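Here the structure comes first, spelled out in structure tokens, and everything after it is commentary.
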Amino acid sequence: SHPLLCPPGIKCGGVLSAPSGNFSSPNFPGLYPYETECTWLIVVAEDSSVLLSFSHFELEYHDTCAYDYLQVYNGAARDQGNLLGTFCGHSPPPPFSSAWHVMAVVFRSDRHVAKHGFAAAYKKDACGGQLTGLSGEITSPRYPESYPNDAECRWSIGGAGGGGPLTLVFADFQMEGGQGCGFDYVALFDGPTVTAPRLGRYCGSTRPPRTISSTPHLLIIFKSDFNIGGRGFKAHFYSAGECQEVFTTIKGNFSSPQYPNFYPNNLNCQWSIQLPPGYRIKVFFLDMELEGRSSLTGGCDYDHLSAFDGGTENGSLLGQWCGRESLAPFTSHSNRLLLVLHTDRNMAKRGFSISYVGVVPMNVSCTRTDFHIQIPVQSLAQLERNRIYLGSPSCAAQVVGRNFKIHTRFDTCGTESQRRNNTSVIVSTLYIDFSVGDQEDIHQYEVQCEPKRKEASVTLIAGPDPSRLSQAENLVDAQQWEGEAIDAREIKSQDTSDIVFISICILAGLLMVIAVVGLVLL
């Protein structure tokens, strides 16, 4: 840290390494000097956090704090991903608790209008504090070693610009039990103080359920009595909206917190996509810039985005990305997908923007003359049959049993013959219209048949952003078809069409023979 533009003789900034201490703006409680910049770097013992509070605060006011300001960083200064807030005017910043053992404070004044400045105090804090990030981790004292007796800790989460509810998830929990949790316990409150509604009181070795507050504040109290302890607990919190979202719509998009501005450090954000059974999820990267790969390992060891199949971090890892890359789309194997953004303590970047579309479960087959398309009704339960059509609305699906079905000849419904890879194929477009009101939303799939082999395929060709769908992929190969099997009538219709085709060929051959014999006899 270093003082900048500070008038001679004015003490400004420095490294504060004692377990606790005080600092203030130059000349406090007098007026601070013009054109001053000071940086205080607070460093306490590792495995501790810094608790920072302000007893006095008066800076020149501006609605975006463009003139005189104070900035608080969750770690070293100058890394925008660590910035907890920028403050000016007469309203003091809230108390802050750092995510690790380093915190920085920057004060700057311009060449006009001086005020009395600020006074601040800090202390090493191993238990409790004010947590203001979009996400974070909380552990009992000494975790995973046994927690001390006669401890009482309070963590107050929220209050730094996040306006959404908070989600708390316990990863580990083991404490002294007892009827009514009267000895050691964790209590949760739906607000900043104990006067708020209580969300739960927990003890023993059963992990508490996932808890979601109804306000942007959550209070967590940990208390232990004079004997019998346990391992304690580890919990993660997320600010809903920017850092944790669940999507159930057929398509959607989302981005890293504060995108396209730099994302915060110390994040563990989750986006869950949950679609009806049978669906798969195709994901498109619209923009991606995270901290780059490790020069030592070549891996995404710092900041990274991970995708897990099945909706939990226990599912198979579909991919992990970092750096600045142009990425091809990918498709899940199931109807649930979890994306997790992890960022470390420094080097934030712009982040990412993603869109996704649900791949409708369908079975497409063909004969030498016909297309057969089958989609479970439950997959498109909200749609009328005329919203599903091949080529044009006149070729709409029929409802047969529990399926939408389209059975059509190649000379109808907008089908056309093309040559691909020196092979003759029949191609048409299947439209599924999810539009609501004025919001047009029509998904398109190309259905293709190679009549000689009687092999069909289907490819999503228009989803959330058609310009980015150059990497078309066959969606049938790995399709987990969960609908009804093709019924006997349909199989019979395929067999019949083949018999008719062969019969016509034989008849034509006989007529040619008769014609040749007739000519010879004449």
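The values are calculated or read from the model by the stated rules, or taken from the named source; none is laboratory data. As the structure is a prediction and not an experimental result, all values here were calculated from the model. With ideal geometry, Cβ positions are generated from the backbone for all residues, glycine too; neighbour counts draw on all protein chains shown. When the accessible area is computed, the model is the full protein with side chains, heavy atoms only, and any ligands, DNA or RNA have been set aside. Shrake-Rupley method; radii C 1.70, N 1.55, O 1.52, S 1.80 Å.
Would you mind checking region 339-355 for residues with the amide N under 15 Å from a putative spin-label position 7 Å along Cα→C-beta of Asp301? Answer for region 339-355: 344-346. Size estimate for region 13-125 follows the Kirkwood approach: the inverse of mean 1/r over distinct Cα pairs works out to 13.9 Å.
Only lysines eight or more places from Lys452 in sequence, or on another chain, were considered; those with a Cα closer than 22 Å are Lys492.
Of Asp441, Asp47, the order by accessible heavy-atom surface (1.4 Å probe, DNA, RNA and ligands excluded), from most exposed downward, is Asp47, Asp441.
In this structure, the residue pairs whose Cα-Cα separation is over 29 Å, taken from Lys123/Lys349; Lys124/Lys223; Lys251/Lys454; Lys124/Lys234; Lys405/Lys454; Lys223/Lys349, are Lys123/Lys349; Lys251/Lys454; Lys223/Lys349. Of Val364, Val113, the residue with the largest accessible area leads and the full order is Val113, Val364 (1.4 Å probe). For chymotrypsin sites (Phe, Trp or Tyr not before Pro), the sites in region 26-86 that DSSP calls loop and that have at most 16 other Cβ atoms within 10 Å are Tyr34, Tyr61, Tyr67. Which whole-angstrom value gives the distance between the alpha carbon centres of region 390-440 and region 10-66? Centre-to-centre distance over Cα atoms comes out at 67 Å. Spin-label pair Glu384-Ala121: with each label point 7 Å from Cα along the Cα-Cβ axis, the two points sit 7.1 nm from one another. Distance between the pseudo-spin-label points of Gln80 and Glu440 (7 Å out from Cα toward the beta carbon): 3.7 nm. In this simple spin-label approximation, Met347 and Leu510 carry label points 7 Å from Cα along the Cα→Cβ vector, and these lie 8.0 nm apart. Computed on the chain, with alpha-carbon pairs under 8 angstrom and 6+ residues apart, the relative contact order is 10 percent.
Our note on the geometry: Cα centres of region 288-306 and region 102-158, 29 Å apart.
Mean residue ellipticity at 222 nm, helices only, the chain: -2500 deg cm²/dmol; runs of at least 4 DSSP H residues each add -39,500 (n - 2.57), and the sum is divided by the number of residues.
Overall, the ratio between the Cα radius of gyration of the chain and 2.2 N^0.38 Å, rounded to two decimals, is 1.37. The largest accessible area among Glu325, Glu416 belongs to the first residue in Glu416, Glu325, and the rest follow in falling order (1.4 Å probe, all chains). In this structure Ser146 has an accessible area near 60 Å², from a 1.4 Å probe over the protein heavy atoms.
Positive end of the charge dipole of the chain (Lys, Arg +1 and Asp, Glu -1 on Cβ, about the Cα centre): tell me which of Tyr143, Val425, Cys38 has its Cα farthest that way. Farthest towards the positive pole: Val425. The gain in end-to-end length when the Glu325 to Asn253 segment is fully stretched comes to 24.0 nm, 0.36 nm per residue minus the alpha carbon separation.
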